[in-house]
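Each remark here refers to the structure printed beneath this line.
The values are calculated or read from the model by the stated rules, or taken from the named source; none is laboratory data. None of the values given here were measured: they were computed from a predicted structure. Backbone-built Cβ (ideal geometry, glycine too); neighbour counts: all protein chains shown. Keep in mind that these areas ignore ligands, DNA and RNA; they rest on the heavy atoms of the full protein, side chains included. Shrake-Rupley method; radii C 1.70, N 1.55, O 1.52, S 1.80 Å.
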Amino acid sequence: MEPNISKFQILSLSGGGVRGLYTISVLATIEQSLADRHNRDDYNIAKHFDLISGTSIGGILALGLASGLNARHLCSLIDKNREKIFYKSRLRKMPFLSGFFGACKQSTTALYDNMALKAVLEEALGSKKVSDLNTRVIIPAVNGTTGLPKIYKTSHHPKFDIDHKLHLVDVGMATSAAPTYFNPYLVDDRLMLDGGLIANSPSLIAYHEATHFLGKKPNDISLLCVGTMGVQATLNSDRRINRWGYLTGWGVGRRLLDLTLSSNEGMHNLITKQLLDDRFVELDEPNTPDQSKSITLDNANKKAAQMLKGRGKDKGQYALGMDNVMAFFEHIPGSVTFHKGGKPYEIQRS
């Protein structure tokens, strides 16, 4: 398959905590079909994309794919370690006590120890740095020290000469440090926070990267966006207007974070779809009212995981029959130019 030089394909992966198990199940199902067709068990779905963008768990998956781990391996990795990352004591597993003890803990400290997540990332990514990636990657986060957005990037532009020195583990930890769930994560003396605060779907940021920094024409860009079955968070007007305290109305910040993630994801995807029209393809589905009680950012138990994986597999199988999805996997990118110390070097991907 000859590389199409003008065509530029983006894979955009949304944030959503343990719901990323849905995201990676969609990709793993498609990847398994491609591996069977090509008789290649080591097939990596990332080979078809010129740029991979990801936020929070999507950022971790983006880094994993770009580092050479395929979607099936990452799916197994997340599934195997979900209860370590979102560890709950026996008291917090009890239906009638879970909310109470969670709220008590969340009122004074982060709900989960992010060192458990770091241990999983260290096992998967080792000591690899951004400079070890052969695929362009962009990962949103928030610099809590300055209060400004931070977009981690491979050195695919002459001006990008800092981030390539960072370890993948640190970038993954930074983009997934969701307030109240995890503590801020320190990277190079900056307190970093979850990228979902500014771009839970990094689709628009990826589009801007392609057009502004890489000089791609909008008509040459196609973007595959994979979501996390996020809930469209809303407010209940039945609640008394003076009962919107941090604990009572906002659930110790959880509802506020949910609303932030869902509203900015909707905005980013809407604008990107208007820019790309039918070249924006989204694989996601709404969280049903019944399942939304179990499918949350941090419910990592077996039954919730089964629902996430099951619906992800169904979506992936459905996508195999969609011509506009499968067209993404006919493209093989050509060479990529990165920079180090102001000097360009080329990597052949085909």
> Restricted to the stretch 59-74, and to residues that are outside any helix (DSSP H, G or I) and within 17 Å of S127 (Cα to Cα), which residue is least open to solvent (accessible area, probe 1.4 Å)?
Replying inline: L69
> Which residue pairs have Cβ atoms closer than 7 Å, lie 6 or more positions apart in sequence or on different chains, and pair a first residue in the stretch 313-331 that is farther than 13 Å from V226 by Cβ and touching a residue at least 60 places away in the same chain (Cβ under 8 Å) with a second residue that is surrounded by 14 or more Cβ atoms within 10 Å (Cβ to Cβ) and among the β-branched types (V, I, T)?
Replying inline: K313/T29; Q317/T29; L320/I30
> Quick one: would you say I138 is outside any helix (DSSP H, G or I) and under 13 Å from the mean Cα position of the chain (by Cα)?
Replying inline: yes
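Name the residue, out of I295, I347, that is open to solvent by 30 Å² or more (accessible area, probe 1.4 Å) and touching a residue at least 60 places away in the same chain (Cβ under 8 Å).
Every option except I347 fails the conditions.
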> S14: farther than 19 Å from L320 by Cβ, surrounded by fewer than 22 Cβ atoms within 10 Å (Cβ to Cβ) and either in contact (Cβ under 8 Å) with a residue 12 or more places away in the chain or out of contact with any strand residue (DSSP E or B) (no Cβ under 7 Å at 6 or more places or on another chain) (or both), yes or no?
Replying inline: no
>> Which of the numbered conditions does S237 fail, given that it passes all the others? Conditions: (1) modelled with pLDDT of 70 or more; (2) open to solvent by 90 Å² or more (accessible area, probe 1.4 Å).
In response: (1)
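When the residues of the stretch 168-181 are narrowed to those that are at pLDDT 95 or above and over 10 Å from I60 (Cβ atoms), which ends up surrounded by the most Cβ atoms within 10 Å (Cβ to Cβ)?
Of everything passing the filter in the stretch 168-181, A174 is surrounded by the most Cβ atoms within 10 Å (Cβ to Cβ).
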>> Quick check on this structure: which one of S6, S98 is at pLDDT below 95 and within 25 Å of N299 (Cα to Cα)?
In response: S98
>> Please verify whether A206 is crowded, with 22+ Cβ neighbours inside 10 Å, under 22 Å from H339 (Cβ atoms), under 14 Å from the mean Cα position of the chain (by Cα) and of a type outside the set (S, T, Y), treating the condition exactly as stated.
In response: yes
> All but one of (1) modelled with pLDDT of 90 or more; (2) crowded, with 17+ Cβ neighbours inside 10 Å; (3) assigned to a loop (DSSP other than H, G, I, E, B) hold for N287; which doesn't?
Replying inline: (1)
> Could you say which residue among A327, A305, A300 is assigned to a loop (DSSP other than H, G, I, E, B), farther than 21 Å from S131 by Cα and either in contact with a helix residue (DSSP H, G or I) (Cβ under 7 Å, 6 or more places away or on another chain) or of a type outside the set (V, I, T) (or both)?
Replying inline: A300
> What is the residue count in the stretch 254-290 for residues that are in contact (Cβ under 8 Å) with a residue 24 or more places away in the chain and closer than 18 Å to V18 by Cα?
Replying inline: 13
> Does any residue in the stretch 37-52 that is in contact (Cβ under 8 Å) with a residue 24 or more places away in the chain and of a type in the set (G, A, S) come within less than 9 Å, Cβ to Cβ, of a residue that is part of a loop (DSSP other than H, G, I, E, B) and buried (at least 19 other Cβ atoms within 10 Å of the Cβ) six or more places away or on a different chain, and which pairs are these?
Replying inline: A46/N70; A46/T135
>> Restricting to the stretch 182-199, name every residue that is among the aliphatic types (A, V, I, L, M), crowded, with 23+ Cβ neighbours inside 10 Å and in contact with a Leu (Cβ under 8 Å, 6 or more places away or on another chain).
In response: M192
> Which of the residues spanning the stretch 155-167 are open to solvent by less than 20 Å² (accessible area, probe 1.4 Å) and over 24 Å from P184 (Cβ atoms)?
Replying inline: S155, H156
> Looking at A141, A124, A110, which is the one that is at pLDDT below 95, among the small types (G, A, S) and either within 30 Å of T180 (Cβ to Cβ) or surrounded by fewer than 22 Cβ atoms within 10 Å (Cβ to Cβ) (or both)?
Replying inline: A110
